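A short write-up of the structure that comes next.
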Amino acid sequence: MKTIGLLGGMSWESTQTYYRLINEGVKNRLGGLHSAKLVLFSVDFAEIEALQHKGDWPATADILTGAALSVQKAGADFLVIGTNTMHKVAPEIEQAIGIPLLHIADATAQLLKKEGVTRAGLLGTRFTMEQAFYRERLEAAGIDVLTPDESQRDEVHRVIYEELCQGEIKPDSRHTYLDIVSSLSGRGAQAVILGCTEIGLLISQADTEVPLYDTTEIHAARAVELALHHP
């Protein structure tokens, strides 16, 4: 079994989901008392969040590159960044380390293509929905990406940072998100990508008939496959 390197803490609310899903995945595959070999580096998200909203992405890259190098030194065979937004600096991290990086958008696009989805809505932080780094990765894989309108993007972003990252799950916010999912479906999205690792804490497939693709679940499952030597 390969050792997974996980950069977490962005936020820790979703990192615990990663940890659970990865270990459940290994146990389901191998049975018994098996669990994942995993090295976790959890950052202080307050520092990262402040730099995000200042637009100081090079500083965030420095922090995460240092964390990634620590994980590599500790014996990780490949790297998982447990957040969608911080894949904005994945190229800088990838350039600095000597182990493969499992990109969350690539894992998601792979599953979408396998299941015949060519047009998908995208929910996430404002950075993920509006900037090119994530959308272009999906589009390069042949996925047409739709995002909510500006006021909806503002609300999706606000709920992530002010509620979900702080462990607050509010019914009103769930209804708002589900309305946005429905509107994306009405615009032609075959499915909606939950492109923030906290969104799965708020809504799930049980809440809507629109197919949802939870990137945390997808990323964790792919990490398990790689750890168990499945290409």
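The figures follow:
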quantity: Relative contact order [Cα under 8 Å, 6+ residues apart], the chain, whole percent; calculated: 24 percent
quantity: Label-point gap, in nm, between Leu30 and Ser204 - each point 7 angstrom along Cα→Cβ; calculated: 2.6 nm
quantity: Principal axis dimensions, the stretch 142-231 - Cα atoms, whole angstrom, descending; calculated: 43, 32, 23
quantity: Sparsely packed GluC sites (Glu not before Pro) within the stretch 1-59, loop by DSSP, other Cβ within 10 Å at most 14; calculated: none
quantity: C-alpha center-to-center spacing [the stretch 160-231, the stretch 76-108] in angstrom; calculated: 20 Å
quantity: Neighbourhood charge, 12 Å Cβ-Cβ cut-off, centred on Leu194 and excluding it, Lys, Arg +1 and Asp, Glu -1; calculated: -4
quantity: The stretch 151-218: trypsin sites (Lys or Arg not before Pro) in DSSP loop, at most 14 other beta carbons within 10 Å; calculated: Arg187
quantity: Choice from Leu38, Leu101, Leu111 showing the highest fluctuation, given a GNM over the chain with Cα pairs closer than 10 Å; calculated: Leu111
quantity: Distant-in-sequence amide H partners of Gly121 (H built 1.01 Å from N, under 5 Å); calculated: Leu146, Gln190, Ala191, Val192, Ile193
quantity: DSSP-loop GluC sites (Glu not before Pro) across the stretch 138-231, with at most 13 other Cβ within 10 angstrom; calculated: Glu168, Glu209
quantity: Cα gyration tensor shape for the stretch 104-182, rounded if a/c is under 1.5, else prolate or oblate; calculated: prolate
quantity: Rounded percent of accessible protein surface that carbon and sulfur make up, the stretch 105-214, 1.4 Å probe; calculated: 44 percent
quantity: Probe 1.4 Å, protein heavy atoms only - accessible area per residue of the stretch 128-216 in square angstrom; calculated: 42 Å²
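The values are calculated or read from the model by the stated rules, or taken from the named source; none is laboratory data. Keep in mind the model is a prediction, meaning the values are calculated, not measured. Using ideal geometry, Cβ is built from the backbone for each residue, glycine included, and neighbour counts are taken over all protein chains shown. The protein model used for the area step is the full one, side chains on, heavy atoms only, and it has no ligands, DNA or RNA in it. Shrake-Rupley method; radii C 1.70, N 1.55, O 1.52, S 1.80 Å.
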